[in-house]
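Chemist: Got a structure for you, written out below as structure tokens; questions coming shortly.
What follows draws every value from the coordinates through simple rules; no lab data is involved. Keep in mind the model is a prediction, meaning the values are calculated, not measured. Glycine gets a Cβ as well: all are built from the backbone with ideal geometry, and neighbour counts include every protein chain shown.
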Amino acid sequence: MSFDPLHDIPLLRGPVPLTHLVLRHFVRSGDSAVDATCGNGNDTLLLAELVGPTGRVWAFDIQQEAMESTARNLAANGLPDRVTLVAQGHETLAGQVNTPLNAVVFNLGYLPGGDRGIITRPETTGAALEQALGLLAPGGIVALTVYPGHGGGDAERRLAEGWAAKLHAPLFHAWRMGQINVTADAPYVILVQKGA
Ligand SMILES: C[S@@+](CC[C@H](N)C(=O)[O-])C[C@H]1O[C@@H](n2cnc3c(N)ncnc32)[C@H](O)[C@@H]1O
């Protein structure tokens, strides 16, 4: 088979491929993971693939449209059995999940193709981030994609950066990963790993 650079090299176009690269490295078969903002289910689908048949994924969203979209995405790929869909805010995380988590993924902002008025909010995002930290297994990661460019996005950027910057090293390793040759308000990733 010939090598096709457009399809065989994953392109780091925006924060989602970067987050997926990290998830592919850290999430293993049998793991437990949470998609805190499942939307159209693209991160949920990757997590479901990575945890394998013996792992578990919980996928949260407050919109019925997102639940349906994620369910369709999983069904189309034959993976619905590994995922528990939770039609509630991620601020209820600790009440829904009581197992150590290897990965928790937040993709902030609004549902692509949906109602742009329904966005993640600093108060609920902050509560969910604290709960995610409390559930993280040693070596587990929180991957948070921040979109400062939309209305309300700057408040979430401040919340996310303030939260991550205060975490004590080496109990947690907190990173900010952003593309440098784009506008200053382009989306970027905050990555937190719990020390072993
Ligand atoms: C950027 S989208 C997520 C995209 C998704 N990761 C995907 O692959 O399509 C953000 C999602 O967060 C959801 N959301 C907003 N507030 C929420 C909350 N408190 N808990 C859970 N989800 C929330 C929105 O409904 C929206 O679907």
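Chemist: Roughly speaking, what is the stretch gain from Ala94 to Arg24, that is 0.36 nm per residue apart minus the C-alpha to C-alpha distance, in nm to one decimal?
Modeler: Stretched out fully, the Ala94 to Arg24 stretch lengthens by 22.7 nm.
Chemist: If you don't mind, there's one more thing I want to ask. Where in segment 119-137 does the label zone of Glu65 land, with the point 7 angstrom along Cα→C-beta and an amide N cut-off under 19 Å?
Modeler: 119-121
Chemist: Beta carbons within 10 angstrom, averaged per residue: use that to sort the peptides 72-81, 8-17, 26-35, 42-51, highest first.
Modeler: Those peptides, ordered most packed to least, come out 42-51, 26-35, 72-81, 8-17.
Chemist: Given a Förster radius of 35 Å and the C-beta distance between Glu161 and Asn77 as r, what FRET efficiency does 1/(1 + (r/R0)^6) yield to the nearest 0.05?
Modeler: It comes to 0.55.
Chemist: Then there is this: Which of Leu108, Ala184, Pro122 sits closest to the plus end of the dipole of segment 14-194, meaning its Cα is farthest towards the positive end, when Lys and Arg get +1 and Asp and Glu get -1 on the C-beta?
Modeler: Selected residue: Ala184.
Chemist: Additional query: Counting DSSP beta bridges with both partners in the chain, what percentage is antiparallel, nearest 5?
Modeler: 45
Chemist: Further question: What is the set of long-range amide H partners of Phe172 at a cut-off below 5 Å, with H atoms built 1.01 Å from backbone N?
Modeler: Amide H neighbours of Phe172, under 5 Å, 5+ apart: Gly195.
Chemist: Helix-only estimate, please: 222 nm mean residue ellipticity of the chain, summing -39500 (n - 2.57) across DSSP H runs of length 4 or more and dividing by its residues, to the nearest 500.
Modeler: Here the helix-only value at 222 nm equals -10500 deg cm²/dmol.
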